[in-house]
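Structure first, then comments.
The values are calculated or read from the model by the stated rules, or taken from the named source; none is laboratory data. Note that this is a predicted model, so its numbers are computed, not measured. Positions of Cβ are generated from backbone atoms using ideal geometry, with glycine treated the same way; all protein chains shown enter the neighbour counts.
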Amino acid sequence: MIPIPEMYQGGKLQGRSYRLREETRAIGSMDGKQDILSVPAGSIVTVIEESPKEPAMLLIAWGDKTVKMFRVDLIRRGDPLRKPAAKSAGH
């Protein structure tokens, strides 16, 4: 098992985007019912909410869907995407 860096065990992930290295399971709604979905490798997902009531779960934007994913799955199977550098004034 790959250890999770301490900074990710409860760190702020909201607003960060990741590219998944491998297929990852998520919980989403299909036809009004919750179901387990597979988010394919290569997908880009963005953390839209972290809940103190469910610290192990993250609310994720994936394309036009909103799904829940385990924090540990995202950290272990995703690579964080760098945010573009802010442009300085006058450039």
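Here are the numbers for the structure shown:
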read-out: Residue list for segment 56-80, filter: part of a loop (DSSP other than H, G, I, E, B) and either closer than 14 Å to TYR18 by Cα or of a type in the set (A, V, I, L, M, F, W, C) (or both); value: GLY63
read-out: Which numbered condition LEU59 fails, given (1) within 17 Å of LEU81 (Cα to Cα); (2) touching a strand residue (DSSP E or B) at 6+ places or on another chain (Cβ under 6 Å); (3) free of Cβ contacts under 8 Å to residues at least 24 places away in the same chain; value: (1)
read-out: Every residue from segment 43-55 that is assigned to a strand (DSSP E or B) and either charged (D, E, K, R) or surrounded by fewer than 10 Cβ atoms within 10 Å (Cβ to Cβ) (or both); value: GLU49, GLU50, GLU54
read-out: Selected residue (criterion: modelled with the lowest pLDDT) from residues of segment 12-34 that are under 13 Å from the mean Cα position of the chain (by Cα) and small (Gly, Ala, Ser); value: GLY15
read-out: Selection within segment 27-42 - surrounded by 10 or more Cβ atoms within 10 Å (Cβ to Cβ), in a strand (DSSP E or B) and not hydrophobic (A, V, I, L, M, F, W, C); value: GLY28, SER29, GLN34, ASP35, SER38
read-out: Near pairs, Cβ below 7 angstrom, 6+ apart or cross-chain, from segment 69-89 (closer than 14 Å to ILE44 by Cα and surrounded by 10 or more Cβ atoms within 10 Å (Cβ to Cβ)) to any residue that is small (Gly, Ala, Ser) and modelled with pLDDT of 95 or more; value: MET69/ALA26; LEU81/SER17
